[in-house]
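Asker: The structure is given below, and queries will be raised subsequently.
The values are calculated or read from the model by the stated rules, or taken from the named source; none is laboratory data. A quick note: this is a predicted structure, and the numbers were derived from the prediction, not measured. Glycine also receives a Cβ, built like all others from the backbone with ideal geometry; neighbour counts cover every protein chain displayed.
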Amino acid sequence: MGIKHAQSPQAFFCSLLKRFEYATDISQTPNRFNNHYAAQPGSREGLRKSAQPLTFTLAIKTMSSHKSDSTEQQTAESHMLRAIEMKLGLHFVAGATLGIGVQPDGIDPENKVVVEAYARVGELKGAQLHKVKADILKLAYIDKKLGLGWRKIMCFGSAEAAAFLLGSSWAAEAARIFGVEIHVEPLSSEQTTLVKAAQARQRMVNPP
C-alpha cells in the first residue's frame, strides 16, 4: 500500500485552481467541438446544418451564495459592503463584472479591489465552513486570472465567524498565503437580531 503525502495548503489550492480554470475555459467555449465536426467533409454533423448544434458545456458554480442565504443576510451584507467601502475609501460599481466566470460581492475596478462578504453571526459550522473555503478559492482564482495587484478581502459580520480564517486551520493558512485580507464589519444590533432569527429558521430547515 502506497503512502499518501499530505499536500500543503498552497499546493492543494493550486490544484483546485487549475481544475477550476480548465472548467471555466471549457464553459466559455461551448461550440469548439461543433466547429471541429462541422469542418469534416461528409461528416454527419456537417450535413445536418438545420439540426440544433451539439454543445458541450460544463456548469460552473460561482459560489457567490450559500443555499441558506436569506433576505436578512443579504441586506446585512449590503450594509457591510457600504461600511468597508467608506472605511477604505473604495467605490464598488453595481453590476461590474470581471469576465472570468466568477462574481465577487463587491468590485472596485479603479482601485482593483474585490470583496466577499458573509453576514454570519457566531461561530462557523458545517456547510458554512465550506462556503468560506469556496470564497477563498474564488478570491485566489481571481488573483491568478487577472494577475497580481488585485486586493482581495474577505469580510465577516462578526468576530466569531472571522475567527475561522484568523486561527491555525489550513484554510486560514491558505488565506494568508494567497494574500486574502480578513476584515470584520460588525452588524448593528437590529441587523444582528434579524440575522440571528434567520439563522434559527435555517437550522430548522437544514438541521446539522
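Asker: Report yes if some residue within region 130-150 is of a type in the set (Asp, Glu) and over 14 Å from the mean Cα position of the chain (by Cα); otherwise report no.
Answerer: There is no residue in region 130-150 that is of a type in the set (Asp, Glu) and over 14 Å from the mean Cα position of the chain (by Cα).
Asker: Scan region 76-104 for residues that are more than 19 Å from Asp135 (Cα to Cα) and β-branched (Val, Ile, Thr) and jot them down.
Answerer: Val93, the sole residue that qualifies.
Asker: Which fully enclosed strands (runs of 3 or more DSSP E) of region 98-208 have 2 or more residues being assigned by TED's automatic domain parsing to the domain that holds Glu85, β-branched (Val, Ile, Thr) and on the phi < 0 side of the Ramachandran plot? Give the steps one after another, and end with the answer.
Answerer: On the way: elements: 106-108, 113-118, 151-156, 180-184.
Strands (runs of 3 or more DSSP E) meeting the threshold: 113-118, 180-184.
Asker: Can you name every residue in region 86-115 that is within 16 Å of Glu181 (Cβ to Cβ), among the aliphatic types (A, V, I, L, M) and within 11 Å of the chain's Cα centre (by Cα)? Before the answer, list the steps.
Answerer: Let us first name the residues in region 86-115 that are within 16 Å of Glu181 (Cβ to Cβ), namely 87-90, 92, 104-108, 111-115.
Cutting the leftovers down to among the aliphatic types (A, V, I, L, M) gives us 88, 90, 107, 113-115.
Answer for region 86-115, where residues must be within 16 Å of Glu181 (Cβ to Cβ), among the aliphatic types (A, V, I, L, M) and within 11 Å of the chain's Cα centre (by Cα): Val114, Val115.
Asker: Of the residues Arg176, Arg120, which is farther than 24 Å from Ala200 by Cα and either touching a residue at least 24 places away in the same chain (Cβ under 8 Å) or among the basic types (Lys, Arg) (or both)? I'd like the intermediate steps shown before the answer.
Answerer: Working: Arg120 fails: farther than 24 Å from Ala200 by Cα.
Within the list Arg176, Arg120, the selection yields Arg176.
Asker: Sort out which residues of region 151-169 are modelled with pLDDT under 95 and surrounded by 15 or more Cβ atoms within 10 Å (Cβ to Cβ), and write them in order of number.
Answerer: Taking region 151-169 as the starting set, the residues that turn out to be modelled with pLDDT under 95 are 167-169.
Once the filter is applied, which keeps residues that are modelled with pLDDT under 95 and surrounded by 15 or more Cβ atoms within 10 Å (Cβ to Cβ), region 151-169 yields only Ser169.
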